[in-house]
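Accompanying notes for the structure given below.
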Amino acid sequence: MIRRPPRSTLSSSSAASDVYKRQVYDIELGVIRKRGERVMCPRDGREGSAYVDAIAPSGVARAGRMLSYTWGYTVGSIVAALVAYCEREQLLPSQTAVWICCLCINQHRVDERQEVSAAEFEREFEIRVAGIQHVLSLVAPWTRPENLQRVWCVFEIWRAIEHPGCRLEIIMPPAEQASFSEALVHGFDQIAKSLCAVDLERAEASQMADKRVIHELVSEGVGFEAVNKMVLAELREWLVATGEVALGSLPEGRRGDMLHGLGELLLEQGEHARAIALMEESAVTRESELGPNHPSTGVSLASLGAAKARLGDPHVALRLYKRALAILENQSDPHPATPSCMNNLARLHESQGNYEQALQLYEGAVGLWEAQQLGPDDPTLATGLQNLAQLLGLMGRYDRATAVHERALAICERALGADHALTGQVQASLGQLYQSAGAYDKGLVLFEQALSTLEKQLGGDHFQTAVCLSSLGGLHSAMGAHQTALPLCRQALAILTAKAGPEHLETATCLIVLGGVYEGLGEYEECLPIYQKSLAIREKELGPHHPMTAAGLCCLARLYQTMGQLDESFRIYERVLGIQEMTLGPEHVSTAGSLNNLAAVPF
């Protein structure tokens, strides 16, 4: 509704200059509210109007854009960003109307109002967005955007993304734009890190009533994590598009860093083919420009390895990881990317059943993160500890696994809070460990806490929520509560099949759990095809000699024994024992269990 006001509106050039240097917070009472304090509001007929109702009609028009910004910005930076936007889009500022909340909402009534309901709040906001259909999100400073730390701004970006037909654009003041353009070439990773830090639940608001209502709308809707992911995806998409434009103007010798950064962003967006093409070009470019042993070359190779691993090419990924790690470990000073590379290589070895190699790498990664002095409450360290603990659990080393896992959970609770999605995932993981160790009561408490957190933060149909549902169902089944477990497992399987696909490894694990429920209920004919389907997925994805394949075989052998098909049961148990002796070693608790299983098959 507001065009750029003429200087005369602010009484004098010196007054205008002073106002332009001040934040919106500073001028709301003495300039914005004062302007309309003696003007009749056309909406309610009372004295005290919005700024928009108190200025000359020549400065008002129907808004074609809505500005999303924070009152912590200076008036000058807001005006400069809008003028620069008009110049970029070849628009006349005097003919471009922008809806700006501080000027278009009656601030006299804001102080008087009672707290509105979430439904009324959402209805009023949707009317505004639907009517304008074009949101300009003002980002400044790009190194730590203030708007991404404000509840209203993140909420506005999300609603613009969600609303059909609404257009969202990112704008900056000219000084920020110049600095940003320079960083695109020389510090793309820094841009990605600063612009991709969104946490709606922790964002601030001047009016706590607004924050409460927005939290209510989000928590009862898609959840905070889902909102964060949508906003992040939009910012990444914008950054990729901006980076690709800048990349096209760079000479060959200056493309390596941006190629790598763009590849990382595209990988996060799920555009794997484009990501790998850019990462491969980055690795070649950096090796040519910097040499085969430069740490940046190693970082490019590690990222390319991660992309290959994600796309199911473990052999190429393994080769790339090993080469990258050799380069990074050979530097005179410890390189900050080394522990991440070690952690990713460990995960690859773990997925292939090479547990001892994975253990050494996980321990090395945790040690390096600790040496980097990330701080005792850094979530990166918590993730590394969780990976280490999960592997120790698979190896049957429950005491150490429990201690490491409990440390990871304590870090998440202190650093992120009890209701954070990562905290919920670590709770579920620790619950699984307690279940494996036979501590069912402890496991049940953690699973229920985790499920509550994940449903709140990620939504009831999220992949991680489904994994937790499946684990909770498995624990109830292990405790003999098969009827309680059955609907949980069915719900989890439906979500995993829809979200991850029928051939995903977590789908296979959920099938094992569901099969165990039917087995516990004595419905063996229902159980058998479920176990067989799960086993087929694991053999296809992991190979016939993986420990997880052996675990699936063990369930099938147990079922055949219960059904009286003893020859088939004995044959499968022998296969299980061979796999476990080869991959886990003769002293592993699972190997000992297989020996007992073989001895227990009656003939």
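The values are calculated or read from the model by the stated rules, or taken from the named source; none is laboratory data. Computed from a predicted model, the values in this text were never measured in an experiment. For neighbour counting, all protein chains shown are included, and Cβ atoms are generated from backbone atoms with ideal geometry for every residue, glycine included. These accessible areas exclude ligands, DNA and RNA; they are computed on the full protein's heavy atoms, side chains included. Shrake-Rupley method; radii C 1.70, N 1.55, O 1.52, S 1.80 Å.
Below are the figures for this structure:
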| read-out | value |
| --- | --- |
| Among the candidates 578, 501, 585, residue that is open to solvent by less than 60 Å² (accessible area, probe 1.4 Å), more than 26 Å from residue 463 (Cβ to Cβ) and in a loop (DSSP other than H, G, I, E, B) | 585 |
| Residue in the range 20-31 that is open to solvent by 40 Å² or more (accessible area, probe 1.4 Å), free of Cβ contacts under 8 Å to residues at least 24 places away in the same chain and among the polar types (S, T, N, Q) present | no |
| Residue in the range 71-88 that is surrounded by the fewest Cβ atoms within 10 Å (Cβ to Cβ), counting only those that are over 21 Å from residue 22 (Cα atoms) and more than 33 Å from the chain's Cα centre (by Cα) | 87 |
| Counted residues, the range 226-279 - those being farther than 20 Å from residue 168 by Cβ, acidic (Asp, Glu) and either in contact (Cβ under 8 Å) with a residue 60 or more places away in the chain or buried (at least 16 other Cβ atoms within 10 Å of the Cβ) (or both) | 2 |
| Residue in the range 184-191 that is open to solvent by 40 Å² or more (accessible area, probe 1.4 Å) and not in a helix (DSSP H, G or I) present | no |
| Boolean, residue 381 is among the hydrophobic types (A, V, I, L, M, F, W, C), at pLDDT below 95 and open to solvent by less than 10 Å² (accessible area, probe 1.4 Å) | yes |
| Selection count, the range 300-322, where residues are over 14 Å from residue 275 (Cβ atoms) and either open to solvent by 30 Å² or more (accessible area, probe 1.4 Å) or assigned to a loop (DSSP other than H, G, I, E, B) (or both) | 7 |
| Filtered residues of the range 323-356 (kept if exposed (fewer than 15 other Cβ atoms within 10 Å of the Cβ) and modelled with pLDDT of 90 or more) | 326, 330, 331, 336, 356 |
| Every residue from the range 423-475 that is closer than 24 Å to residue 218 by Cβ, open to solvent by 40 Å² or more (accessible area, probe 1.4 Å) and touching a Ser or Thr at 6+ places or on another chain (Cβ under 8 Å) | 455, 456 |
| Within the range 125-140, considering residues that are out of contact with any His (no Cβ under 7 Å at 6 or more places or on another chain) and in a helix (DSSP H, G or I), the one most open to solvent (accessible area, probe 1.4 Å) | 127 |
| Qualifying positions in the range 35-58 - open to solvent by less than 50 Å² (accessible area, probe 1.4 Å), closer than 18 Å to residue 19 by Cβ and in a helix (DSSP H, G or I) | 51, 52, 54 |
| Boolean, residue 424 is over 22 Å from the mean Cα position of the chain (by Cα), small (Gly, Ala, Ser) and modelled with pLDDT under 95 | no |
| Selection count where residues are part of a helix (DSSP H, G or I) and open to solvent by 50 Å² or more (accessible area, probe 1.4 Å), scope the range 162-180 | 6 |
| Tally, over the range 59-78, of residues that are in a helix (DSSP H, G or I), in contact with a Pro (Cβ under 9 Å, 6 or more places away or on another chain) and either without any contact (Cβ under 8 Å) to a residue 24 or more places away in the chain or not polar (S, T, N, Q) (or both) | 3 |
| Count of the range 538-567 residues which are farther than 24 Å from residue 392 by Cα and not hydroxyl-bearing (Ser, Thr, Tyr) | 11 |
